[in-house]
1. Mind checking the per residue accessible area of the stretch 186-294 for me, 1.4 Å probe, whole number of Å²?
2. State in Å² the accessible area per residue of the stretch 77-173; use a 1.4 Å probe, count heavy atoms of protein chains only, and round to the nearest integer.
3. In terms of Cα to Cα distance under 16 Å, which aspartates and glutamates are near enough to Lys266, apart from those fewer than 8 places away along the same chain?
4. How charged is the neighbourhood of Arg306? Take every other residue with its Cβ under 9 Å from the Cβ of Arg306, and add Lys/Arg as +1 and Asp/Glu as -1.
5. Residues of the stretch 213-232 with the amide nitrogen closer than 16 Å to a label point 7 Å from the Cα of Ser353, along Cα-to-Cβ, please.
6. So, counting K/R as plus one and D/E as minus one, what does the shell of residues with Cβ under 15 Å around Ala324 add up to?
7. With each label point set 7 Å from Cα along the Cα-Cβ vector, what nm distance links Thr115 and Ala80?
8. Relative to the present Cα-Cα distance, how much length would full extension add between Ala58 and Ala122 at 0.36 nm per residue of separation?
Amino acid sequence: MSMQTRLIQPLDVLMLRGNKSFGDSGEHGAASMPPNPSVLAGALRSFWLADLGCDFNAFKAATPEQYPEPIRSQLGTPTAPRGFRLAHTGLACCVEGQWQRVFPLPTDLVVQKDTKDAKEPAIHALKPQPMPAELMSQLAEGQYVPMLRAPAGKPESKYWLNEQGYHLYLNHQIEQITFDHLVDVATLWKKEYRLGIALDSKLRTASDGQLYTTEAIALCEGVQLVADIQGAPDFPTNGNLRLGGDGRGAGFETGTLKPLPNVQAKAITSGKLKLVLTSPAVFANGWKLPSQADDGRIQFAGGSARVVTASVPRHHVISGWNLAEWKPKPAERVVPMGSVYWLDELQVEAGTSLQDALQALLLQDTDPQRCAEGYNACHLALWV
């Protein structure tokens, strides 16, 4: 399926509020970075409709068949999305004149200073281990637990991985990841704070005692947002967007970035791999992958595998605003981006693309709108 990349340069600070309760006097609206994929998907799809001269009011209740190409097969409508899907969203940095992706740390990597006097933090990895026989648990027979063998210390959450470090991670060369592969988020974006006051909707005057603050995100110089668009070969190569809260301006253009390593051959040989979520995921059964049985077995087109264990942080909540129906989207619990699933007993039929098959599995039984927005995206990594 066609894939193309757009680099998005904000022209102002961005209002990227998370989904925490906000609205009472004195409350603080925290920003969400990186932005949920639906933020970029909504801006890009709205731009395309405007660029095509579409009547938004008529479009709300229309079917794709009522429109010519590219809406009919590529963009679709609010109730019937078509090929357009964000396969990946994130950030990219300009390094020596070349754009390179940066990635949030997968949850099986832990960065911490092993001693108080250490100048640089060390990188440790969680490893699946069988549960000791002396301990009782509710794990199914044969399932493991991800364990961390490292000196006692507090993990640091202010780091991302640069492109080289992420490639090492995907190839299971974690011992080669060093401090030089870490990127401090302070070099990617800054937070700015805005003070506001609520308005009385009837009188159009300031409400007494209704002060609030919000966080605004300012990307650092040489940092841009990235959106990989799948299934829409006719998407414009450049343009201007209304992005995030208050519709702040942003420009986009076509970008060329290095592809990720293909780990399929080594994974089939070893019979093991890791599935890493690169966006929040909406699953019907909590943290479990679609089709996952009680024994951990999953079935996908062209093969099967067994979920040995997983590293899944506390769930997040996503919502958003439905422009077509002019109301909030339902709040949904999601598995956080960066969650890791260890798979073994891998069985794959000849000619099967593991990346495509497992990605299709994650999109199974998911709201088509959420799929188009870029949720449930994944990368595959080696586990040996």
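The values are calculated or read from the model by the stated rules, or taken from the named source; none is laboratory data. All values reported here derive from a predicted model rather than from experimental measurement. Note that each Cβ is placed from the backbone with ideal geometry, even for glycine, and that neighbours are counted across all protein chains shown. In case anyone asks, the SASA skips ligands and DNA or RNA and just uses the protein heavy atoms, side chains included. Shrake-Rupley method; radii C 1.70, N 1.55, O 1.52, S 1.80 Å.
1. Working: 5790 Å² over 109 residues.
Ligands and nucleic acids excluded, the result is 53 Å² per residue.
2. On the way: 5440 Å² over 97 residues.
Averaged over the residues of the stretch 77-173, the accessible area is 56 Å².
3. Asp344, Glu345, Glu349
4. Details: positive: Arg297; negative: Asp295, Asp344, Glu345.
Once all neighbours under 9 Å are counted, the net charge is -2.
5. So the set is 228-232.
6. Numbers: positive: Arg45, Lys60, Lys327, Lys329, Arg370; negative: Asp55, Glu325, Asp367, Glu373.
Within the 15 Å Cβ shell, the charges total +1.
7. My value for the distance between the label points is 6.7 nm.
8. Numbers: separation 64, 0.36 × 64 = 23.04 nm, distance 5.63 nm.
Length gained between Ala58 and Ala122: 17.4 nm.
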